[in-house]
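Some notes on the structure that comes next.
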């Protein structure tokens, strides 16, 4: 009998898991209530590549063409980057069309209750006719920051809130900008039709926010101050515009949930690890935690003897991703020195720790260990190469298994690495592959 998986939430993470499970032969139901407000986000090329790898087609047509992004940080302005703007309600609808086209049953509803039963979970939701329910062999929690907590929170960053304001102005080319403020930072975006979006991230413990009834006036004053601080940078987004919606506030504190996987449930996306908006592209971060989740679920359902291995894989991957993204944000915050002593900047430039984003590696720190890996839609245990910079281990590179190769190199230290690699791989790889692989190993600190 085919196991039935229910996914709660239809954003990038939930839909990515849905497509992966359908590909593995599962019956999948996805329950999603559309987001109640419009929002624009920036999307990186890596996020688009991740969506394509996951099997999306319709959703790939929604993002705008690449547009310039200016960054005003630490009294300097950079125009080196681009990003693709995407309206999230349209994008989320395209994600749901993709999964429905590929066999996922999509229900537009608000989940009311999730109750454990002997065979999994009973999911109850509200409809216009009343209450409906179904029983699931497995449940995936993908409702983002609005998802009920998993229990103990493993890590929590400085308290953050992000304020959103939609504006309407004249038509113009798509563009975006980010700039630092004395008590936070702002991201601004404009779509070709003149729709503009302003996002201001602050620390509510350091900046006093107004009550809801006064938020519109308070936000208007903040936008005026923003325009005065950087008139040339903000004019395309704030000049000759009018608010088209009421301001909204949402929590944006970095949170890593504990207990994100069990024998019959799993958390992905912001429901598992929600990171600071400055740490990178939110859609890419959601995909990062979701792409390998179908293999974890497949192992938990079909191979219960490997449950601990599958759970270790998912939780350790979430932990690693969370701290990597958190350190990216920390280092970017630390670059802003104008207001380094302000509570907002001081807290974030030192969190989550003092560990470098990338560690220097020497050959004596490189070793071989057994770790969980993904192979053919399942979690297995295999030999990997572990380093201080890759604590979860590297299994293979472009199909070349690294642990046996490293062991062979260490057994013949007097021979040139290129020759050892060429002998080990034979004619399975292009002629220049041994040289490139030897160079890569030296760059990684595996060999001198």
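Of the residues 103, 157, which is more than 30 Å from residue 343 (Cα to Cα) and modelled with pLDDT of 95 or more? Working first, answer last.
Numbers: 157 fails: more than 30 Å from residue 343 (Cα to Cα).
One residue alone meets the criteria, 103.
Within segment 248-277, how many residues turn out to be within 29 Å of residue 226 (Cα to Cα), surrounded by fewer than 21 Cβ atoms within 10 Å (Cβ to Cβ) and in contact with a helix residue (DSSP H, G or I) (Cβ under 7 Å, 6 or more places away or on another chain)?
Final tally of qualifying residues: 1.
Which of the following residues is modelled with pLDDT under 95 and either within 24 Å of residue 144 (Cα to Cα) or in contact with a strand residue (DSSP E or B) (Cβ under 6 Å, 6 or more places away or on another chain) (or both): 316, 289, 263? Lay out the reasoning, then the answer.
Numbers: 316 fails: modelled with pLDDT under 95; 263 fails: modelled with pLDDT under 95.
Sole residue among the options that is modelled with pLDDT under 95 and either within 24 Å of residue 144 (Cα to Cα) or in contact with a strand residue (DSSP E or B) (Cβ under 6 Å, 6 or more places away or on another chain) (or both): 289.
Would you point out the residue of segment 63-95, among those that are in contact with a helix residue (DSSP H, G or I) (Cβ under 7 Å, 6 or more places away or on another chain) and farther than 22 Å from residue 177 by Cβ, that is surrounded by the most Cβ atoms within 10 Å (Cβ to Cβ)?
95
Kindly indicate which of 42, 55, 50 is within 17 Å of the chain's Cα centre (by Cα), at pLDDT 90 or above and within 17 Å of residue 142 (Cβ to Cβ).
Exactly one of 42, 55, 50 is within 17 Å of the chain's Cα centre (by Cα), at pLDDT 90 or above and within 17 Å of residue 142 (Cβ to Cβ), namely 50.
With the checklist (1) closer than 18 Å to residue 222 by Cβ; (2) touching a helix residue (DSSP H, G or I) at 6+ places or on another chain (Cβ under 8 Å) in hand, flag the one item residue 164 doesn't pass.
The single condition residue 164 does not satisfy is (2).
For the condition in a helix (DSSP H, G or I), in contact with a strand residue (DSSP E or B) (Cβ under 9 Å, 6 or more places away or on another chain), on the phi < 0 side of the Ramachandran plot and surrounded by 13 or more Cβ atoms within 10 Å (Cβ to Cβ), what is the one hit in 379, 421?
Working: 379 fails: in a helix (DSSP H, G or I).
Unique residue meeting the criteria: 421.
Consider segment 302-350. How many of its residues are buried (at least 19 other Cβ atoms within 10 Å of the Cβ), over 29 Å from residue 27 (Cα atoms) and touching a helix residue (DSSP H, G or I) at 6+ places or on another chain (Cβ under 7 Å)?
Matching residues across segment 302-350 total 9.
Against the condition under 32 Å from the mean Cα position of the chain (by Cα) and at negative phi, how does residue 436 come out, does it pass? Quick ask: steps written out before the conclusion?
On the way: under 32 Å from the mean Cα position of the chain (by Cα): yes; at negative phi: yes.
It is true that residue 436 is under 32 Å from the mean Cα position of the chain (by Cα) and at negative phi.
State yes or no: is residue 126 assigned by TED's automatic domain parsing to the domain that holds residue 298, without any contact (Cβ under 8 Å) to a residue 60 or more places away in the chain and either under 27 Å from the mean Cα position of the chain (by Cα) or surrounded by 13 or more Cβ atoms within 10 Å (Cβ to Cβ) (or both)?
Working: assigned by TED's automatic domain parsing to the domain that holds residue 298: yes; without any contact (Cβ under 8 Å) to a residue 60 or more places away in the chain: yes; either under 27 Å from the mean Cα position of the chain (by Cα) or surrounded by 13 or more Cβ atoms within 10 Å (Cβ to Cβ) (or both): yes.
Criteria met by residue 126.
Quick one: residue 140 ticks every box in (1) part of a strand (DSSP E or B); (2) assigned by TED's automatic domain parsing to the domain that holds residue 27; (3) surrounded by fewer than 20 Cβ atoms within 10 Å (Cβ to Cβ); (4) in contact with a helix residue (DSSP H, G or I) (Cβ under 8 Å, 6 or more places away or on another chain) except a single one, so which number is it?
The failed condition is (3).
Give segment 11-37 a look and list any residue that's assigned to a strand (DSSP E or B) and farther than 15 Å from residue 93 by Cα, or say none.
Narrowing segment 11-37 to residues assigned to a strand (DSSP E or B): 27-32.
Answer for segment 11-37, where residues must be assigned to a strand (DSSP E or B) and farther than 15 Å from residue 93 by Cα: 27, 28, 29.
For segment 188-201, check the following and say yes or no: at least one residue is surrounded by fewer than 19 Cβ atoms within 10 Å (Cβ to Cβ), within 30 Å of residue 337 (Cβ to Cβ) and not assigned by TED's automatic domain parsing to the domain that holds residue 273. Before the answer, list the steps.
The initial filter retains those residues of segment 188-201 that are surrounded by fewer than 19 Cβ atoms within 10 Å (Cβ to Cβ), namely 192-194.
From what's left, within 30 Å of residue 337 (Cβ to Cβ): none.
Within segment 188-201, none of the residues are surrounded by fewer than 19 Cβ atoms within 10 Å (Cβ to Cβ), within 30 Å of residue 337 (Cβ to Cβ) and not assigned by TED's automatic domain parsing to the domain that holds residue 273.
Would segment 64-86 turn up any residue that is part of a helix (DSSP H, G or I) and either farther than 30 Å from residue 349 by Cβ or more than 21 Å from the chain's Cα centre (by Cα) (or both)? Break it down stepwise before answering.
Looking only at segment 64-86, we keep the residues that are part of a helix (DSSP H, G or I), and these are none.
Checking segment 64-86: not a single residue is part of a helix (DSSP H, G or I) and either farther than 30 Å from residue 349 by Cβ or more than 21 Å from the chain's Cα centre (by Cα) (or both).
Testing residue 106 on (1) assigned to a strand (DSSP E or B); (2) under 27 Å from the mean Cα position of the chain (by Cα); (3) free of Cβ contacts under 8 Å to residues at least 12 places away in the same chain, one condition comes back false. Which one is that?
(3)
The values are calculated or read from the model by the stated rules, or taken from the named source; none is laboratory data. Computed from a predicted structure; not experimentally measured. Using ideal geometry, Cβ is built from the backbone for each residue, glycine included, and neighbour counts are taken over all protein chains shown.
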